[in-house]
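The structure appears below as structure tokens.
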Number of protein chains: 4
Amino acid sequence: MERSKSDIQVGKPAIYEAAEKLSNWGRWGPDDQIGTLNFITPEDIVAASGLIRRGKTFALGLPLDEKLQSGLFGGRWNPIHTMLATGTDAVAGNQDETVGLRYADDAINLPCQCSTQWDALAHIFLDDKMYNGYDATLVDTNGAGKNGIENTVSRMVGRGVLLDVARHKGVDSLDDGYAITNADLDATAAAHGVEIRRGDFVIVRTGQQERCLAQGDWGTYAGGDAPGLAFETCYWIHEKEIAAICADTWGCEVRPNETEEANQPWHWVVIPAIGITMGEIFFLKDLAADCAADGVYEFFFCGPPLNLPGGCGSPINPQAIK
Amino acid sequence: MERSKSDIQVGKPAIYEAAEKLSNWGRWGPDDQIGTLNFITPEDIVAASGLIRRGKTFALGLPLDEKLQSGLFGGRWNPIHTMLATGTDAVAGNQDETVGLRYADDAINLPCQCSTQWDALAHIFLDDKMYNGYDATLVDTNGAGKNGIENTVSRMVGRGVLLDVARHKGVDSLDDGYAITNADLDATAAAHGVEIRRGDFVIVRTGQQERCLAQGDWGTYAGGDAPGLAFETCYWIHEKEIAAICADTWGCEVRPNETEEANQPWHWVVIPAIGITMGEIFFLKDLAADCAADGVYEFFFCGPPLNLPGGCGSPINPQAIK
Amino acid sequence: MERSKSDIQVGKPAIYEAAEKLSNWGRWGPDDQIGTLNFITPEDIVAASGLIRRGKTFALGLPLDEKLQSGLFGGRWNPIHTMLATGTDAVAGNQDETVGLRYADDAINLPCQCSTQWDALAHIFLDDKMYNGYDATLVDTNGAGKNGIENTVSRMVGRGVLLDVARHKGVDSLDDGYAITNADLDATAAAHGVEIRRGDFVIVRTGQQERCLAQGDWGTYAGGDAPGLAFETCYWIHEKEIAAICADTWGCEVRPNETEEANQPWHWVVIPAIGITMGEIFFLKDLAADCAADGVYEFFFCGPPLNLPGGCGSPINPQAIK
Amino acid sequence: MERSKSDIQVGKPAIYEAAEKLSNWGRWGPDDQIGTLNFITPEDIVAASGLIRRGKTFALGLPLDEKLQSGLFGGRWNPIHTMLATGTDAVAGNQDETVGLRYADDAINLPCQCSTQWDALAHIFLDDKMYNGYDATLVDTNGAGKNGIENTVSRMVGRGVLLDVARHKGVDSLDDGYAITNADLDATAAAHGVEIRRGDFVIVRTGQQERCLAQGDWGTYAGGDAPGLAFETCYWIHEKEIAAICADTWGCEVRPNETEEANQPWHWVVIPAIGITMGEIFFLKDLAADCAADGVYEFFFCGPPLNLPGGCGSPINPQAIK
């Protein structure tokens, strides 16, 4: 079923063709709400535990004060961290009579899609439907009536694989607009000496985020031009039967998109049709350096979302453990 | 150094005595900000991976719509989940021209201490100081200048042990006001056939939360009477050199407290003096049932906090993997 | 056109009959977005200024810490007031180097409909339409594309009239479920010696709010049973050509409603068909006492909404000036 | 007591000298919390009502979607407007069974100081004190224990005067860094033919905001360079016994400040010592054009704050009525 990039004229027809060919609707029953996470078996998790060899853990969550949302998309804002009680209150003696305990409390207000995140299967629609044929109107101001992130609370565990495409290509960062092809993915895996298996959490590194961090300026990271997966990779994802696809970019797929007929054409297919959980804005710098150093690009992966009923996504701090 | 419950007359003198005797200030250097998480070695993590035998994962995070904050403490509120884009907007055609992609987005606004959570070492002060001798005034409206949760982003991984005190005592739930003693902890571990080791994540089950869930009413769960750890357990915690202490209750320690001289007297010692990370409001029902069924009370534990710089805590969905 | 209460069998047919008979769609042109506020002329404002005789001002906004939302309706929450900078920070010296100014800042997070408020004409729909025939789908997660509160930013000024129905009836508070009839309104005005005129801000007092305040318990104020306007008053409102209708209750109209066929049947008519701006949860205690004391039930009214583009309402603190 | 600009070497000594000379502490008793608003008498309000001659109202609140906070100060954010229910939900039929009413609801989350606002007397401290000698530590994470905005809920009514300094100077906007002197204020009033009286709400127009609006870019409006009041105007304010001072800029006073020894030196004096309520970010374009057209620079002013207990400020939409 694999198709090379050159074969596909990206546009509405290609989107609908791929959505039809790659559909997993019904594959895990009419009531399924987790899609490709079903590929992960208990045996896979046990096997993945064997990848914990050095006891070294990498946190893949970007600090929640990174000001990366700069107004490009959908009214999202940067995380707002406020304090409900402070040490300065405590030392002023303001808590002694009223609380009898000196303490600090805080709160966090953030869009689920503003930093390192899972997108739930309720995040993207194809026409009037979402994954597994549920009506899109089930996602209203009360949240996602189906395909919410809460269905995955115990399912984000398994084998992780890093595909460091930038390093394989010999660059610090792929250029904005560079479309990562199926051939790129395969060549990177081969160069890393790592096999992509059914049920994997596949994490793609473009280097774009680290370029922004090095510059000290996010620029148009949130919704502007970026390197990323070519549309054709929806076929690769389907063929490989991976559990999740993640990247260090804002939206995984290449921007400008390969067509002007649709915004984020790859999204139209991979979430609603394939039902794959997507991870975005992963912080990969330290993990990638370690993998380059020891030549081991597989690891135990544990990236639990918050248990947010009806959530269309969740902020996360995924862990890669080697 | 262990002391039995009957030995201690809980009150201000006992608090200051324990804080002095059990202090870990300086133990891991003057710049340390993670306290007892230092007990966990890479070897411990590798060893803990061997506890993944069946590939079964338990999510310990309570759904973030549980209305458990009912006004008892500190102006906390229940999680507020709002939608920034919906499937109903999409189906109405409102996104087609403006976005070119049909999607749903959302946001979450919650106190870090309102549901299943880690408390950072910046959460509790003893007089004018916090763990490792840092000034409490370093925690102001800008967040925690020291001892923030961001220091632990890759450190919440290791061996987990469940001490199901309620089940060991043969009850669905311990009574409110029941103080779990050092002897209770030891007897429970012995009955479970599990050893408490240096660097463990120890999770105590009282059954109180499940009682509330069964009643369909949180009542005064958030700050009212509860079963929980006796003050003397601060000695047990210190002696065992565990990494973290967690419970299914709002505040880990018994309420009413064992003294009226201080609110949460055990907190005065364990966070500021010992420097132990505390987990609260863990959802333990399914994990406890499984442990009772297979008789195995140890597991791989992975409970990453959000990467919240200056955070005095973090909402979490910890994973217990057997 | 006036009808007495006994004439109307409240239900879907009566709703649609009233909506058709009382419709103001097109009355002020196809682009109108403020409805009955159009009744107020500059001359009315000048005339109303003559009601300022004693220089006494009454604030009609309830304190935003009143915990009146208790979960009955639509996921609204009580106002959340958080501090971004504090005097305790200042005195601790934390601002001296970084800011060079000792200050306190704060933030407020509240549903527009959680306390004393205007409802915009975008707040209620009849079938698929809102006031003046605009499609309801123009109100999406981006806000109200039409009929938003921002259209009224300079229009909430004119003659105010208090109709203290409770006092006229000789009770501290009307009973929950008491339906205020057209006859009640007319008799109250007559007893007050006040005339209802075109373009008035008419404010109805039931006493229910003061009953809650006196009890120290809001109970089911927010969405439960309440005294309030009978359905038939939609005819009275239309005939009188008033600018706005306000009350001291959560929802102006009587609850339980006069029918089980629709929730808030009066709302179905007055906002979408008549296009009247509605004010709810007004604090009337002090104003009512003053009016009773001096026998003057008319005053200059100034109740500006926040300039919230696309807002379906606004928190307010209206001023009655005598 | 008036001093000309050239007399004052702005710096810490001048600040403390002015704070001592101009202090109103105790002037209205030891329990006063509203400062110069006390200057307004009922007679002033009655007299001001006579300024309503044409029935024309100007809304001085900037739209709450103006993205003017760009990260310069104190972690403030721009207003966040979210929807709790929408017309798209309604038309999708999602409310018919559950609510029985088709409606839209919304919420607003904003710093009190992020747009058109009153600053409460609790907003600024001089050393460890605030207005009337209250300890600054009374303002903690629970809000302002004294001098909160709730004390003013019915006091923001009286005579308003516009001093259009930019127009008087013959420019669209004063230059950033231009310090408006006492002589400028007096000359502007004289040119306008308007007298400044005790108890006035004095509103100063620099034109800077309109320059930003015309440019379509706020630039460094929020905390960067700006035209504004010279330090010496604290003497003018005190001498004139005005009730409030307002401007179309972010912070009323000139920036860069006239000294590097203190940030916002004029603030150090006028709020804590004089106890004057300050209005910032007023939208003056339409009002100023009207005043220029009819030559009348006085009007009835009504600018009620939200009733926010413990608030250090309030978003507002003040009304100028001519």
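The figures follow:
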{"quantity": "R0 of 35 Å, Cβ-Cβ distance C:GLU43-D:ALA190: FRET efficiency to nearest 0.05", "calculated": "0.60"}
{"quantity": "Listed residues C:THR141, A:THR98 arranged by accessible area, highest first, probe 1.4 Å", "calculated": "A:THR98, C:THR141"}
{"quantity": "Cα gyration tensor category, rounded, prolate or oblate, for region D:251-322 with a/c compared to 1.5", "calculated": "oblate"}
{"quantity": "Accessible surface, per residue, of region B:198-322 when the full set of protein chains is kept, probe 1.4 Å, Å²", "calculated": "21 Å²"}
{"quantity": "Whether the protein assembly as shown is rounded, prolate or oblate, judged on the alpha carbon gyration tensor where a/c under 1.5 counts as rounded", "calculated": "prolate"}
{"quantity": "Fluctuation leader among D:ILE203, D:ILE52, D:ILE281 - chain D, Gaussian network, Cα springs under 10 angstrom", "calculated": "D:ILE52"}
{"quantity": "B:VAL204, C:VAL91, reordered so the largest accessible area comes first (probe 1.4 Å)", "calculated": "C:VAL91, B:VAL204"}
{"quantity": "Cα-based shape type of region D:40-124, given that a ≥ b ≥ c are square roots of the gyration tensor eigenvalues and the cut on a/c is 1.5", "calculated": "oblate"}
{"quantity": "Nm distances between copies for B:ARG198, ranked from closest, using label points 7 Å along Cα→Cβ", "calculated": "4.4, 7.8, 9.0"}
{"quantity": "Part-to-part distance (alpha-carbon centres) for region B:126-153 and region C:44-84, which is given in Å", "calculated": "39 Å"}
{"quantity": "Probe 1.4 Å - accessible area at B:SER49, Å² to nearest ten", "calculated": "10 Å²"}
{"quantity": "Solvent-accessible area of B:ASP175 with every protein chain in place, 1.4 Å probe, in Å² to the nearest 10", "calculated": "110 Å²"}
{"quantity": "Choice from B:LEU51, B:LEU162, B:LEU60 showing the highest fluctuation, given a GNM over chain B with Cα pairs closer than 10 Å", "calculated": "B:LEU51"}
{"quantity": "Of D:LEU213, D:LEU163, D:LEU284, the one that fluctuates the most in a GNM where chain D has Cα springs shorter than 10 Å", "calculated": "D:LEU213"}
{"quantity": "Fully extended contour minus Cα-Cα distance, from A:ASP286 to A:ASP7, at 0.36 nm per residue", "calculated": "96.8 nm"}
{"quantity": "Copies compared at A:ASP172 - label distances in nm, ascending, label defined 7 Å from Cα in the Cβ direction", "calculated": "4.2, 6.2, 7.4"}
{"quantity": "Computed FRET value (nearest 0.05) for C:GLU260 with C:ALA183, which takes r as the C-beta separation and R₀ as 25 Å", "calculated": "0.50"}
{"quantity": "Inter-chain Cβ neighbour average for residues C:57-64, partner chain, 10 Å", "calculated": "6"}
{"quantity": "In region D:1-69, GluC sites (Glu not before Pro) in a DSSP loop with at most 14 other beta-carbon atoms within 10 Å", "calculated": "D:GLU2"}
{"quantity": "Other-copy label distances relative to D:ASP96, 7 angstrom Cα-Cβ extension, nm", "calculated": "2.2, 6.4, 6.8"}
{"quantity": "FRET efficiency, 1/(1 + (r/R0)^6) with R0 30 Å, evaluated for B:ALA214 and D:THR98 via beta carbons", "calculated": "0.70"}
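The values are calculated or read from the model by the stated rules, or taken from the named source; none is laboratory data. Model, not experiment: these values are computed from the prediction. Note: ideal-geometry Cβ built from the backbone for every residue, glycine included; neighbour counts use all protein chains shown. Surface areas here come from the heavy atoms of the whole protein model, side chains and all, with no ligands, DNA or RNA. Shrake-Rupley method; radii C 1.70, N 1.55, O 1.52, S 1.80 Å.
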